[in-house]
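Just passing along the structure, written as structure tokens.
Values in this text are rule-based calculations from the coordinates and carry no lab data. Worth saying up front: this structure is predicted, and the values here are computed from it rather than measured. Here the Cβ positions follow ideal geometry from the backbone for every residue, glycine too, while neighbour counts run over all protein chains shown.
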Ligand code: HEC
Ligand code: HEC
Ligand code: HEC
Ligand code: HEC
Ligand code: HEC
Ligand code: HEC
Ligand code: HEC
Ligand code: HEC
Ligand code: HEC
């Protein structure tokens, strides 16, 4: 019965594949149409174009370039009022936007239509559209002209782990950037940061690429007063704590550059506990109340870190002693959650909140250590109860040995 169903299902799938395969191939390979001349001569472009998403949607060479795709002579194929040859950077923006800014065409694909509008507001867009500066990227500098793929395709130029390489073409060119008074090095710095490690080493796609902070089409550096909001898109709890304290007000007023006052923009790292106090004295006098709060934060963080470690070690001891640790592990998990809250809450500069949280970590750690000590005592007691057993076993061995010796002597 089961086998029958299985065969039936396989048959249906096979039939579907056989029926579907030629249809798909036809859709993707439009040179099957012997009347389409462009790709007869431009075979390399054909290959590049077939890899992209536009060809699947029935878009053809003449939709962008114009010309006469029925003519097989170069002169006549490249003829016609609509033939534009190779579009320039400005023309390209118009060309792409003719479909991508049209809600009627994009609706059925569920694609947003704001790329050109955003691009207009960007530093890149200003440069090209208003300044006619051809060093600025047009749509195809980031997307390619023929192999255009959606952002979630790993081969795409705009796939999260490929984005930096797309910006690199221009932003690592020191001569080019020098002309605009811009530094290079953002890509390497970002790669080595906590964000780069999360993205490239740990494959954590929640970590920001260049465009998470700058916008893809609105490529702009965030203004000083916006930085905390840019980072706060992801670090929601930190943002909340930050705005509830004095630094939040200073950031809104533009007095400090939000989060990057203590974490760099591209080389973002956590501030290590032994660096916290020094970070504060970059702006505050060494003995000022603010600097002393920094010392206090460092102490709370260090103590909570030690508590957490001792709790971890106690759990390892319990496991080694063969104890059940399910309950203890849950308690430890709670301590870990509270510990993470400390790192977030200290952005408010509110010491009371901080003390309360580190006290919670401390008391859980104390409980777990106590459980481990009790277990250790039990182990010792358990050892004591075994002494008579050992004694009896040893006596038996000694007796047996004497007996054996006596027997041997008798034999001699
Ligand atoms: C008979 C062969 C042939 C046909 C058919 C043909 N082309 Fe070309 N095309 C060429 C050659 C040769 C060049 C020049 C290549 C070069 O200089 O590198 C060229 C150049 C181009 C260029 C670069 C700009 C320019 O004008 O030099 C574009 C764009 C182009 N073709 C598009 C098309 C399109 C679109 C079609 C179909 C409507 C088409 N071609 C049909 C042979 C052909
Ligand atoms: C979505 C619009 C679009 C479509 C469709 C398109 N092209 Fe292009 N093509 C461009 C743009 C834009 C450029 C300018 C170069 C750039 O921006 O990289 C270009 C450049 C070219 C060039 C000359 C420059 C070069 O890269 O050597 C040729 C030849 C060409 N295309 C041929 C074709 C052929 C053949 C097809 C069909 C297989 C095709 N194009 C389909 C947009 C398009
Ligand atoms: C003739 C209309 C037309 C033109 C011109 C056009 N596109 Fe498209 N584009 C589409 C359609 C239709 C899709 C397919 C949407 C889909 O499959 O989800 C698409 C898909 C895309 C995608 C993938 C989006 C996604 O997330 O799936 C990108 C990126 C893209 N186009 C960029 C460009 C660029 C850059 C240009 C100019 C060189 C351009 N397009 C020109 C119609 C067009
Ligand atoms: C500086 C690089 C850059 C330029 C210039 C650029 N794009 Fe994009 N584009 C991206 C990135 C990166 C994404 C990926 C989406 C994201 O992460 O926000 C994207 C995504 C897209 C998408 C997919 C849908 C979406 O909005 O997410 C389309 C369509 C698109 N771009 C079209 C265009 C058009 C049209 C232009 C020219 C007006 C253009 N792009 C210029 C980098 C660029
Ligand atoms: C084709 C070259 C090119 C590419 C590709 C490119 N850029 Fe740019 N970008 C420029 C130029 C040129 C400027 C200088 C504009 C100015 O400051 O006047 C610039 C400026 C910027 C600025 C503004 C800096 C400032 O302080 O004014 C940001 C941010 C930026 N680019 C981010 C990106 C990101 C992110 C990418 C990749 C998704 C990217 N760019 C890809 C050429 C490029
Ligand atoms: C975590 C957020 C974030 C990420 C990720 C990020 N940037 Fe930035 N970037 C910023 C901020 C914030 C500034 C503004 C610095 C300031 O004004 O102090 C900036 C400034 C810039 C500038 C202006 C020149 C400079 O160095 O100050 C360029 C160019 C730039 N970024 C390019 C990039 C590129 C390319 C990437 C990808 C490798 C990238 N950024 C990734 C936040 C980010
Ligand atoms: C697109 C989301 C996103 C944006 C935007 C973002 N981050 Fe992050 N950030 C992450 C992720 C994901 C991690 C890695 C978390 C981990 O490994 O536990 C991270 C890690 C960090 C770390 C290290 C935390 C640790 O425990 O080691 C710091 C500090 C940080 N980000 C600060 C910032 C700052 C400052 C900004 C703005 C300039 C910013 N982030 C923008 C998502 C983001
Ligand atoms: C980039 C400079 C900068 C750094 C670094 C910095 N602060 Fe501040 N801090 C400020 C500014 C600006 C204000 C607002 C001063 C005002 O409004 O008078 C402020 C305000 C404060 C206040 C409110 C009371 C007061 O003195 O105005 C406290 C508390 C404080 N900071 C603590 C810290 C601690 C703790 C650190 C280190 C973890 C630190 N700050 C690091 C610039 C900085
Ligand atoms: C006055 C200096 C200062 C400013 C401004 C600051 N931070 Fe921090 N940040 C720290 C210190 C110190 C730590 C380390 C605390 C610890 O080890 O518990 C930290 C830790 C972090 C962490 C790691 C904690 C976690 O949840 O994983 C993140 C993420 C973070 N900051 C993001 C931000 C963001 C986002 C902003 C802006 C809204 C910001 N920081 C502003 C000093 C600062």
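Just to be sure I understand the filter: pairs with C-beta atoms under 6 Å, separated by 6 or more residues or on different chains, first member in segment 113-128 and within 14 Å of residue 211 (Cβ to Cβ), second member within 16 Å of ligand 2 (Cβ to nearest atom) and assigned to a loop (DSSP other than H, G, I, E, B). Which pairs pass?
Correct list of pairs: 124/136; 124/137.
Quick check on my filter: what residues within segment 120-157 are under 20 Å from residue 45 (Cα atoms) and more than 10 Å from ligand 3 (Cβ to nearest atom)?
Once the filter is applied, which keeps residues that are under 20 Å from residue 45 (Cα atoms) and more than 10 Å from ligand 3 (Cβ to nearest atom), segment 120-157 yields 147, 155.
Taking segment 169-188 on its own, how many of its residues are in a helix (DSSP H, G or I) and surrounded by fewer than 16 Cβ atoms within 10 Å (Cβ to Cβ)? First the steps, then the outcome.
We begin by selecting, within segment 169-188, every residue in a helix (DSSP H, G or I); these are 169-171, 174-178, 186-188.
In the following step, the residues that additionally are surrounded by fewer than 16 Cβ atoms within 10 Å (Cβ to Cβ) were identified as 169, 174-176, 178, 188.
Qualifying residue count, segment 169-188: 6.
Go through segment 206-230 and report how many residues are more than 25 Å from residue 137 (Cα to Cα) and within 16 Å of ligand 4 (Cβ to nearest atom). Please lay out each step first, then the result.
First pass over segment 206-230, keeping only residues more than 25 Å from residue 137 (Cα to Cα): 206, 225, 228-229.
Checking which are within 16 Å of ligand 4 (Cβ to nearest atom) leaves us with 206.
Result for segment 206-230: 1.
Sort out which residues of segment 63-75 are within 8 Å of ligand 2 (Cβ to nearest atom) and crowded, with 16+ Cβ neighbours inside 10 Å, and write them in order of number.
Start the filter on segment 63-75 by keeping residues that are within 8 Å of ligand 2 (Cβ to nearest atom), which leaves 63-65.
Once the filter is applied, which keeps residues that are within 8 Å of ligand 2 (Cβ to nearest atom) and crowded, with 16+ Cβ neighbours inside 10 Å, segment 63-75 yields 64, 65.
Additional query: Away from ligand 9 (no atom under 12 Å from the Cβ) and in contact (Cβ under 8 Å) with a residue 24 or more places away in the chain: which single residue out of 303, 323 fits that description? Working first, answer last.
Values: 303 fails: away from ligand 9 (no atom under 12 Å from the Cβ).
Matching residue, one of 303, 323: 323.
How many residues are surrounded by 15 or more Cβ atoms within 10 Å (Cβ to Cβ) and either in a helix (DSSP H, G or I) or within 16 Å of ligand 6 (Cβ to nearest atom) (or both) when one looks only at segment 233-248? Steps first, please.
Narrowing segment 233-248 to residues surrounded by 15 or more Cβ atoms within 10 Å (Cβ to Cβ): 235, 238-245, 247-248.
From the residues that got through so far, the ones that are either in a helix (DSSP H, G or I) or within 16 Å of ligand 6 (Cβ to nearest atom) (or both) too are 235, 238-243, 247-248.
Of the residues in that region, 9 qualify.
Still on this structure, please answer the following. Which one of these does residue 255 not meet: (1) surrounded by 18 or more Cβ atoms within 10 Å (Cβ to Cβ); (2) not in a helix (DSSP H, G or I)?
Of the numbered conditions (1) surrounded by 18 or more Cβ atoms within 10 Å (Cβ to Cβ); (2) not in a helix (DSSP H, G or I), the odd one out for residue 255 is (1).
Separate question: Find all pairs meeting these conditions: Cβ atoms under 8 angstrom apart; at least six residues apart or on different chains; first residue within segment 234-249 and closer than 15 Å to residue 224 by Cα; second residue not in a helix (DSSP H, G or I).
247/256; 247/349
Could you please find all residues in segment 325-354 being within 16 Å of ligand 8 (Cβ to nearest atom) and under 32 Å from the mean Cα position of the chain (by Cα)?
Keep residues of segment 325-354 that are within 16 Å of ligand 8 (Cβ to nearest atom), which gives 342-354.
Residues satisfying the conditions are 342, 343, 344, 345, 346, 347, 348, 349, 350, 351, 353, 354.
Say we look at segment 205-232 and pick out the residues that are closer than 20 Å to residue 349 by Cα and buried (at least 19 other Cβ atoms within 10 Å of the Cβ); which of these is nearest to the chain's Cα centre (by Cα)?
The extreme case among them is 231.
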